[in-house]
Structure formats: C-alpha cells, structure tokens
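Peer 1: Sharing a structure here in structure tokens format.
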Amino acid sequence: MNKLILWDVDGTLLYSGGVAGEAMRAAMARVYGRSSTEARHSYAGKTDRQIILETFADLGHDALLATLDQFTSTYIDELTSRRAEFLARCRVLPGVAQALARLAQAPAVQSVLTGNLQPIAKIKLDLMELSRFLDLSVGAYGSDHHRRAELVPFAVARAEQRYGHRFAHADVVVIGDTPNDIDCGRAVGARTIAVATGPFSLDDLRAHAPDTALPDVSDTEALLAAIFG
C-alpha cells in the first residue's frame, strides 16, 4: 500500500440535496430547543462537533460535550427517517464512482476524512453505494475531534494499525472541496487535492495553495497524476 487516500464526503463525493442539513437542524431543535440559521457555505469544512459547539456556545463547552451522544442518536433518527428524500435528492458528484473504482485497483487504501459524525457518514455513503470502495474503519470523522486540523493523525494511526504499514505524511492524500480540507492536510505535510464541486470556486481554492486544484474528478488520469505523481 503506497498511499492513504482520504476523501471528504459532502461536496466532494456527494451532494445530499439539503436533506442532511434539514435532518441536522431538526436534531438540533429536538435536543437543544432551537436550530442553527447559518447558511450552508458557513458549515463547509467544519466538523459536526464544531458546528454544535459554535452554535450553542452559550450552553457551555462541557455541557455540550455531555449531549453529543444524544445529539448523534437523534441526528441518525432524523436522517434515516428521510431516507426516501435523501435517495431522491442526493447525487454522487461527477467522476466519483469511476475514480473510486479505478483507485480500488491501485496500491492504495481509500477512506474518508470528514466533518460528519461517523455513523452519519456511513449512512450517506451506504445509501449512495460508495462504501464498497472505502475502508471506513480507518477514516477520520467529526466524532474524533471538533477541529478538522486534528483529524489526519486519527486516520493514519488507524490505517497503520490495520494494514501494518507505515504511511509517511507524503504518502497521505487529502481530497476535499473547501479551504479547511486543504489546511488540515497541509498541517501534517499531506498531499492536498482541492476540487471545486462544493461552495468554493477553483480560484477560491487555489488561493489556499493546494498541491493540485481540479474542477471535479471526472478526469481520472489527472486525478491519478495528482495522487501518484
């Protein structure tokens, strides 16, 4: 295994059509009595834990941490109850299925690095039939830490334990659609690939100096060159 490839989920692998956001806000209302009014753009690249801690900061950090299990189970309930809506409105982003399938034949481990809570990420990927390409047991999730910049080491440690192979920082590739994805990869010396399939343009992403910036992953050869080149 030469590379550990860590894909962001929302805006990179798939677009949930707003269904996941609706489920999250409904869960907030049930658990905290109100929901966030922030726009999707302001959520981009943040972890679910960070969103909770920032939205309900008046409740206090320790008190919020104590509610996270309840929030997670409520969020799962809200999202699974919207399964039909999710399937109707969600879409896999251009080139993703082909890229995942091609990389499944390469000397690499594919997983995710996402702000989603782990069970939420799994639900989304299962429903879109993308989980079969990914080893979700070695991913890093918003449930691991509220700061995205802290997530890469979780994935690396899990992959090294599972596969018995040491992944140098240069062997780790973070693929995402936000400046936060770029910044979290750079923080540990990982290769970063930015894709303009979320709320940020190519120029926005290039301003954060990723190793490669692509409009999407439709050009599989360009993606492979960015990963292995």
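The values are calculated or read from the model by the stated rules, or taken from the named source; none is laboratory data. Just so it is clear, the model here is predicted, and its values are computed rather than measured. Cβ: placed from backbone, ideal geometry, glycine included. Neighbour counts: every protein chain shown. What goes into the accessible areas is simple: the full protein's heavy atoms, side chains included, and nothing from ligands, DNA or RNA. Shrake-Rupley method; radii C 1.70, N 1.55, O 1.52, S 1.80 Å.
Peer 1: Based on Cβ point charges of +1 for Lys and Arg and -1 for Asp and Glu, what charge dipole magnitude is obtained for segment 1-142 about its Cα centre, in debye rounded to the nearest 20? Write down the numbers at each step before the final one.
Peer 2: On the way: 15 positive and 15 negative charges, 90 e Å.
Around 440 debye, computed over segment 1-142.
Peer 1: Heavy-atom accessible area of Lys122 with all protein chains present, probe 1.4 Å, nearest 10 Å²?
Peer 2: Per-residue accessible area (Lys122): approximately 90 Å².
Peer 1: Rank these by accessible area, largest first, 1.4 Å probe: Met28, Met128.
Peer 2: Working: Met28 0, Met128 30 Å².
Result, largest first: Met128, Met28.
Peer 1: Using every pair of alpha-carbon atoms in the chain, split the distances into 10 Å bins beginning at 0 and state the percent of pairs per bin, rounded to integers.
Peer 2: Binned Cα distances yield the sequence 8, 35, 37, 17, 3, 0.
Peer 1: In the Gaussian network model of the chain, springs joining C-alpha atoms below 10 Å, which of Asp48, Asp203, Asp171 carries the largest mean-square fluctuation?
Peer 2: Among Asp48, Asp203, Asp171, the largest GNM mean-square fluctuation belongs to Asp203.
Peer 1: Also, quick follow-up: Along the Cα→Cβ direction, 7 angstrom out, place labels at Ala170 and Ala157. What is the inter-label distance in nm?
Peer 2: Calculated label separation equals 2.5 nm.
Peer 1: Show Arg158, Arg148, Arg30, Arg166 ordered by accessible area, largest first, where the area counts protein heavy atoms only and the probe is 1.4 Å.
Peer 2: Result of the area sort, largest leading: Arg166, Arg30, Arg158, Arg148.
Peer 1: How do Arg132, Arg206 rank by accessible surface area computed with a 1.4 Å probe, from largest to smallest? Intermediate results must be reported in sequence, preceding the final value.
Peer 2: Values: Arg132 175, Arg206 130 Å².
Of Arg132, Arg206, the descending order of accessible area is Arg132, Arg206.
Peer 1: Which distance in Å, rounded to a whole number, links the C-alpha centroids of segment 28-103 and segment 152-182?
Peer 2: Computed from Cα coordinates, the inter-centre distance equals 22 Å.
Peer 1: Determine which residues of segment 100-117 fall in the zone a paramagnetic label at Leu224 would reach in this model, i.e. backbone nitrogen under 18 Å from the point 7 Å along Cα→Cβ.
Peer 2: 100-110
Peer 1: Based on a Kirkwood Rh over C-alpha pairs, give the Stokes-Einstein translational diffusion coefficient of segment 102-229 at 37 °C and viscosity 0.692 mPa s in µm²/s.
Peer 2: Value of D from the Cα-based Kirkwood radius: 220 µm²/s.
Peer 1: Now, a different point. Can you compute the label reach from Met1? Point 7 Å from Cα along the Cβ direction, backbone N cut-off under 16 Å, restricted to segment 96-139.
Peer 2: Backbone N within reach: 103-113, 132-139.
Peer 1: Answer with one residue from Val188, Ala155, Gly176: the one whose Cα lies farthest towards the positive end of the charge dipole of the chain, charges on Cβ with Lys, Arg +1 and Asp, Glu -1.
Peer 2: Ala155
Peer 1: Using a 1.4 angstrom probe on heavy atoms only, work out the carbon and sulfur share of the accessible area of the chain in %. Write down the numbers at each step before the final one.
Peer 2: Details: 4780 of 9740 Å².
Carbon and sulfur atoms account for 49 percent of the accessible area of the chain.
Peer 1: Still on this structure: To the nearest 10 square angstrom, what accessible area does Thr74 show with a 1.4 Å probe?
Peer 2: So the heavy atoms of Thr74 present about 10 Å² to solvent.
Peer 1: Taking only protein heavy atoms into account and a 1.4 Å probe, give the accessible area per residue of the chain in Å².
Peer 2: Details: 9740 Å² over 229 residues.
Result: 43 Å² per residue.
Peer 1: Same structure, new question: What do you get for Rg/Rh over segment 50-125 if you use C-alpha atoms and the Kirkwood form of Rh?
Peer 2: Values: Rg = 16.5 Å, Rh = 15.2 Å.
Dividing the radius of gyration by the Kirkwood radius yields 1.09.
Peer 1: Run the helix sum for the chain: -39,500 (n - 2.57) per DSSP H stretch of 4+ residues, divided by residue count, reported at 222 nm to the nearest 500 deg cm²/dmol.
Peer 2: On the way: 11 runs with 106 residues, N = 229.
Calculated mean residue ellipticity at 222 nm is -13500 deg cm²/dmol.
Peer 1: Suppose a student asked you for the relative contact order of segment 74-158, using Cα pairs under 8 Å spaced at least 6 residues apart; what percent would you report?
Peer 2: Numbers: 76 pairs, mean separation 24.3, N = 85.
Computed value for segment 74-158: 29 percent relative contact order.
Peer 1: I've got another one for you. Normalised by the number of residues in the chain, what is the relative contact order in percent for Cα pairs under 8 Å and 6+ residues apart? Don't jump to the answer; show the numbers that get you there.
Peer 2: On the way: 400 pairs, mean separation 61.1, N = 229.
Reported as a whole number, the value is 27 percent.
Peer 1: Same structure, new question: Relative contact order for segment 172-224: what percent, with Cα pairs under 8 Å and sequence separation of 6 or more?
Peer 2: Numbers: 88 pairs, mean separation 16.7, N = 53.
Across segment 172-224, relative contact order equals 31 percent.
Peer 1: Could you calculate the contour length gain from Leu65 to Ala88, that is, 0.36 nm times the residue separation minus the distance between their Cα atoms, to one decimal place in nm? Let's see the in-between values first.
Peer 2: Details: separation 23, 0.36 × 23 = 8.28 nm, distance 3.35 nm.
Here the answer is 4.9 nm.
Peer 1: Can you tell me what percent of all Cα-Cα pairs in segment 98-143 are more than 17 Å apart? Write down the numbers at each step before the final one.
Peer 2: Details: 303 of 1035 pairs.
Beyond 17 Å sits 29 percent of the P(r) for segment 98-143.
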